[in-house]
Amino acid sequence: MFHDVPEAVQTRMAELKERGLRDRADGTPRMQRLREVPEAVGRFLAMLAASAPDGRWVEIGTSAGYSTLWLALAARETGRRVTTFEILEWKVELARETFAAARVEDVVELVHADVRAGLEGVEGVSFAFLDSEKEDYLELYELVVPKLVPGGLLVADNVSDFHDEVQPMLDRAEADERVDAVVVPFLTGQLLARRRA
């Protein structure tokens with residue numbers, strides 16, 4: 001999976017990282033800049049997704065599609081697909097460009113919608129990546145966990161960087177008897193929750 005990343009994927013990843021660095025250097029407001037995960041987190045996500053049980057993969061918060069590209073590598077490796085939800089039009093357009101340029105449209109479904117509506121009726125989720133507005137994390141956690149298959153994984157990004165904003169979700173995950181949960185304290189911090197049988 002990591003030893004044969006297609007050139008088109010590598011090129012688009014590099015472009016997105018460069019734009020993200022430029023946005024931060026220029027002082028672009030947080031809500032208007034790209035916020036891609038670090039490469040190590042992308043690799044971590046791909047490994048987890050590739051190890052997930054049978055079921056649907058969802059990403060909540062596409063941005064320009066950088067993390068989705070890592071999930072696409074895992075999807076192609078395992079014969080799966082990832083459905084990614086983004087609500088902001090300008091990010092949807094960038095993500096469409098990303099998936100076309102990287103040639104991953106066969107394994108990625110981009111949905112321009114609020115995930116609260118988009119996931120209605122969706123069941124059997126085996127992997128979910130949550131990387132949206134942090135004040136929504138608890139609500140989205142409660143939306144996703146009932147949809148997880150036994151052994152299914154939920155990963156929530158930035159739980160160290162935005163600890164105060166996501167504390168209600170962390171408290172809920174720790175007390176939630178439906179899952180086993182741990183914070184993986186590297187880089188931006190990831191909450192990893194596994195649905196119990």
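The values are calculated or read from the model by the stated rules, or taken from the named source; none is laboratory data. Predicted, not measured: the structure shown is a model, and the values here were computed from it. We place every Cβ from the backbone using ideal geometry, glycine too, and count neighbours over all the protein chains shown.
Give the residue, chosen from Thr84, Thr62, Thr98, that is closer than 24 Å to Pro185 by Cα and not small (Gly, Ala, Ser).
Just one listed residue meets the conditions, Thr62.
Can you find, within the range 177-197, the residue that is nearest to Val155 (Cα to Cα) among those that are of a type in the set (Lys, Arg) and part of a strand (DSSP E or B)?
Of everything passing the filter in the range 177-197, Arg194 is nearest to Val155 (Cα to Cα).
To keep it simple, each residue is scored yes or no on (1) farther than 21 Å from Thr68 by Cβ; (2) modelled with pLDDT of 95 or more; (3) in contact with a Gly (Cβ under 6 Å, 6 or more places away or on another chain).
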position: Val122; (1), (2), (3): no, no, no
position: Phe127; (1), (2), (3): no, yes, no
position: Glu133; (1), (2), (3): no, no, no
position: Leu153; (1), (2), (3): no, yes, no
position: Val159; (1), (2), (3): no, no, yes
position: Asp171; (1), (2), (3): yes, yes, no
position: Leu187; (1), (2), (3): no, no, no
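Looking at Phe186, Phe162, which one is touching a residue at least 40 places away in the same chain (Cβ under 8 Å) and among the aromatic types (Phe, Trp, Tyr)?
Phe186
Step by step: first the residues of the range 36-75, then only those that are over 24 Å from Glu123 (Cβ atoms) and touching a residue at least 60 places away in the same chain (Cβ under 8 Å), then the one that is surrounded by the fewest Cβ atoms within 10 Å (Cβ to Cβ). Which residue is that?
Step by step, filter the range 36-75, then rank; the result is Ala40.
Conditions first: (1) under 17 Å from Glu59 (Cα atoms); (2) without any contact (Cβ under 8 Å) to a residue 40 or more places away in the chain; (3) in contact with a Gly (Cβ under 8 Å, 6 or more places away or on another chain); (4) surrounded by fewer than 19 Cβ atoms within 10 Å (Cβ to Cβ). Val149 passes all but one, so which condition is the exception?
It is condition (2) that Val149 fails.
Going through Val122, Val104, Val155, Val166 one at a time, which residue ends up being buried (at least 20 other Cβ atoms within 10 Å of the Cβ), in a loop (DSSP other than H, G, I, E, B) and touching a helix residue (DSSP H, G or I) at 6+ places or on another chain (Cβ under 8 Å)?
When all the criteria are applied, what remains is Val104.
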